[in-house]
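The structure appears right after this line, and notes come after that.
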Amino acid sequence: AVAIDVRGPGERAAQFIEGSLSMPLNHLIEHVAEIPRDRPLIVHCVGGDRSSTAISALLAHGFRTALNLTGGIKAWREAGFPVVQGEELVQA
């Protein structure tokens, strides 16, 4: 799967999921050609609102498997998964 981070640059600079693609929601459709179509997508933001909007847009552009990371990056961290802060991978 490919993780798509639809948060803004400032939010992503604070922390992000290692290997995720940065595609802020307000620029997502401009960069839709850069998103792999041969793998499932896991879309996230902070809590779920922007990622839900992004998934609707992706489905409208022909993507077949786009899932919402329920609870966003906050839930990711609370579940104990690592994030990158600055240049450093940090375990929750």
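The values are calculated or read from the model by the stated rules, or taken from the named source; none is laboratory data. The shown structure was predicted, so the numbers you read here are calculated from the model rather than taken from an experiment. Backbone-built Cβ (ideal geometry, glycine too); neighbour counts: all protein chains shown. Heavy atoms of the whole protein, side chains included, go into the accessibility calculation; ligands, DNA and RNA do not. Shrake-Rupley method; radii C 1.70, N 1.55, O 1.52, S 1.80 Å.
You can think of it this way: the chain between ASP49 and ALA1 has 15.2 nm of extra reach, that is 0.36 nm per residue less the Cα-Cα gap.
Accessible area per residue for segment 1-53 is 52 Å², calculated with a 1.4 Å probe on protein heavy atoms, without ligands, DNA or RNA.
Take 81-90, 9-18 and order them by the average number of nearby Cβ atoms within 10 Å per residue, most first; the result is 9-18, 81-90.
The calculated FRET efficiency for VAL84 paired with SER56, based on their beta-carbon distance and R0 = 30 Å, is about 0.60. Which net charge results when you count Lys and Arg as +1 and Asp and Glu as -1 among the other residues whose beta-carbon is under 12 Å from that of ILE4? Its environment carries a net charge of +2. Using only the alpha-carbon atoms, how far is helix 49-60 inclined from the longest principal axis of the chain? Give it as 0 to 90 degrees, nearest 10. The helix 49-60 is inclined about 30 degrees to the chain.
The helix-only estimate of mean residue ellipticity at 222 nm for the chain, built from DSSP H runs of length n ≥ 4 each weighted as -39500 (n - 2.57), is -7500 deg cm²/dmol after division by the residue total.
Restricting the calculation to Cα atoms, every distinct pair contributes to the Kirkwood radius of the chain, found to be 13.1 Å. Accessible surface of segment 1-85, 1.4 Å probe: 56 percent of it comes from carbon and sulfur atoms.
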